[in-house]
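One structure is given here, and the rest of the page talks about it.
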Amino acid sequence: MSQRKRFTAPKYSAIRRSCPHCEAPARIRTSEAQSALSRITKYQCSNIDCCHVWVEGSEVLYSIVPSASPNPTVKIPVRYKERN
């Protein structure tokens, strides 16, 4: 019986965020899961003349393709793409 490989996230994310004020690249300082579906992330601007620090929230809104191995304690609505 073959074992399925576990998903592992890349060491560095391809997601880039810019400072809303000076548009310089921002660094993630901290990121904390609030629940299985939401996360709070603190960013810091890399421009030393700006020094802006801010907090953003993110959450799972819905699934486009349901999970093949769903967690029974997590309820995510499914919205299928409409066909034209």
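The values are calculated or read from the model by the stated rules, or taken from the named source; none is laboratory data. Quick caveat, the model's predicted, so the values are computed rather than measured. All Cβ positions, even for glycine, are placed from backbone atoms using ideal geometry, and neighbour counts span all protein chains on display. Just so you know, the surface numbers come from the protein's heavy atoms only, side chains and all, with ligands and any DNA or RNA stripped out. Shrake-Rupley method; radii C 1.70, N 1.55, O 1.52, S 1.80 Å.
Using the Karplus equation 6.51 cos²θ - 1.76 cosθ + 1.60 (θ = phi - 60°), what ³J(HN,Hα) coupling, rounded to whole Hz, does each residue of segment 33-41 give in order, writing x for Gly and Pro?
With coefficients 6.51, -1.76 and 1.60, one gets 6, 8, 7, 5, 10, 9, 8, 10, 10 Hz.
Roll a 1.4 angstrom probe over the protein heavy atoms and tell me the percent of accessible area of segment 28-84 that is carbon or sulfur.
Carbon plus sulfur share of accessible area: 51 percent.
Using each residue's phi in segment 49-54, evaluate 6.51 cos²θ - 1.76 cosθ + 1.60 at θ = phi - 60° and report the 3J(HN,Hα) Karplus result to the nearest Hz, with x for Gly and Pro.
7, 9, 6, 5, 10, 8
Compute the signed sum of charges (Lys and Arg +1, Asp and Glu -1) over the other residues within less than 11 Å, Cβ to Cβ, of Val60.
The answer is +1.
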